[in-house]
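Novice: Sharing a structure, written as structure tokens. Questions coming.
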Ligand SMILES: [Zn+2]
């Protein structure tokens, strides 16, 4: 509420400044305010634009800046990472972080995981044994951008985030119930994911100075693998004809994916799973599916598949038959990798699994 008032006051101030400036300066002096922030927001909302009421762009851009600024928090200094005797313990909040740590320094550390595969990090609350894993670890690494929504305080005081120093212009902002919030699902943008690898590399090198060269080499090799993977995925995604390029998912986790592959996305639920799905949002999604004759919609491994079945029923009631892609091995991975030992249990195989599933069902 206070943020809102602040934002309105800021908008008013900006308008006053703008009108004053107009009086003094000629129009060629008008600065081009289509900041990258705004471009990102516009791209992401491309689909929603048709179906939901939007604030004016000025308001949006102002609110986005406020949100990104307010997100910045006091970060622990890397110099606080201490070198220890023996094999250090690294605690990772999610399967993504754990996978990355294993790729970069698997031979040198013992990895502990907080949020098990398949559980929803937006809603996960720390249990007493987690606090132990966090406080006794030699290094704690987490996503940040409020992905681990209920663990923010403990993580900011004990850990190091993968999203440290991400360029604000690259971070997506999304409308959630009228508020603009930071979109935490950055890993579907490979450039951002590589920045996360750099951050993890820095943290692990500080913990393991004797193995710094090997960690750097592992990071370089991994980034080369990511480049190859994304090239193959782009070719596959490009094979989906334009008229079928719509990705409908339960919660709004694929906006960076949308940007990476130029495919419009829509989800009846917002960015975090921590909100009730409004009937209005469901109806908007149903209308969108029927109007665009969307062939298939997708369930996720971390949210209830029944939600997509409800969408299907509503489409059927409007005389349109849409397929729900769900069931074991046929769910998209958005907020967790697959359980260890199954397809999609690493970032690379998870990404390929998602792309193959999408291409197979939309092509
Ligand atoms: Zn999510």
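Only the coordinates and a few stated rules stand behind these numbers; no lab work does. As the structure is a computational prediction, the values presented were derived from the model and not from experiment. As a convention, Cβ positions derive from the backbone with ideal geometry for all residues, glycine included, and neighbour counts pool all protein chains shown.
Novice: Under a crude label model (7 Å from the Cα following the beta-carbon direction), how far is residue 330 from residue 310 in nanometres?
Specialist: Placing both labels 7 Å along Cα→Cβ, they lie 2.2 nm apart.
Novice: So for 316, 74, 285, fewest C-beta neighbours within 10 Å to most, what's the order?
Specialist: Details: 316 12, 74 7, 285 26.
Least crowded to most crowded, the residues run 74, 316, 285.
Novice: Between residue 360 and residue 191, what's the calculated FRET efficiency when r is the beta-carbon distance and R0 is 41 Å? Round to 0.05.
Specialist: Details: r = 26 Å, r/R0 = 0.64.
Efficiency, rounded to the nearest 0.05: 0.95.
Novice: Here is a further query. Specify whether the C-alpha gyration tensor of segment 275-328 places it in the rounded, prolate or oblate class, a ≥ b ≥ c being the square roots of the eigenvalues: rounded for a/c under 1.5, otherwise prolate if a/b is larger than b/c and oblate if not. Mind showing how you got there, number by number?
Specialist: Values: a/c = 2.05, a/b = 1.21, b/c = 1.70.
Verdict is oblate for segment 275-328.
Novice: To continue, here is another question. Taking only C-alpha pairs under 8 Å that are 6+ residues apart, what is the relative contact order of segment 78-227 in percent? Don't skip to the answer; put the middle values down first.
Specialist: Details: 215 pairs, mean separation 38.9, N = 150.
RCO, segment 78-227: 26 percent.
Novice: Something else: Kindly put 342, 336 in sequence by how many other C-beta atoms sit within 10 Å of each C-beta, fewest to most.
Specialist: Details: 342 13, 336 21.
By the 10 Å Cβ count, ascending, the order reads 342, 336.
Novice: Report, in whole Å, the centroid distance computed from the Cα atoms of segment 171-246 and segment 292-316.
Specialist: Taking the Cα centre of each part, segment 171-246 and segment 292-316 sit 27 Å apart.
Novice: Ordered by packing density, taken as the mean number of other Cβ atoms within 10 Å over each peptide's residues, highest first, how do 119-128, 219-228 rank?
Specialist: Values: 119-128: 15.8, 219-228: 14.3.
In descending order of packing, they fall as 119-128, 219-228.
Novice: Could you work out Rg/(2.2 N^0.38 Å) for segment 174-300, with Rg from alpha carbons only?
Specialist: Working: Rg = 18.5 Å, N = 127, 2.2 N^0.38 = 13.9 Å.
Normalised Rg, Cα atoms only: 1.33.
Novice: Considering only DSSP beta bridges where both residues belong to segment 78-227, give the percentage that are antiparallel (nearest 5).
Specialist: On the way: 4 of 13 bridges.
Taking every DSSP beta bridge with both residues in segment 78-227, the antiparallel ones total about 30 percent.
Novice: Between residue 198 and residue 235, what is the label-to-label distance in nm when each label sits 7 Å out along the Cα-to-Cβ direction?
Specialist: According to this spin-label approximation, the distance is 2.8 nm.
Novice: If you don't mind, another one. Taking segment 258-350, how much of its Cα-Cα pair set, in percent, is spaced more than 17 angstrom apart? Please report the intermediate quantities before stating the final value.
Specialist: Working: 2327 of 4278 pairs.
Value for segment 258-350: 54 percent of Cα pairs lie more than 17 Å apart.
Novice: Please report, to one decimal in angstroms, the Kirkwood hydrodynamic radius of segment 78-227 built from all distinct Cα-Cα pairs.
Specialist: Computed over Cα pairs of segment 78-227, the Kirkwood hydrodynamic radius comes out at 15.8 Å.
Novice: Quick check: residue separation of residue 150 and residue 318 times 0.36 nm, minus the Cα distance between them. What number comes out in nm? Provide the component values of the computation, followed by the final result.
Specialist: Working: separation 168, 0.36 × 168 = 60.48 nm, distance 3.87 nm.
Stretched out fully, the residue 150 to residue 318 stretch lengthens by 56.6 nm.
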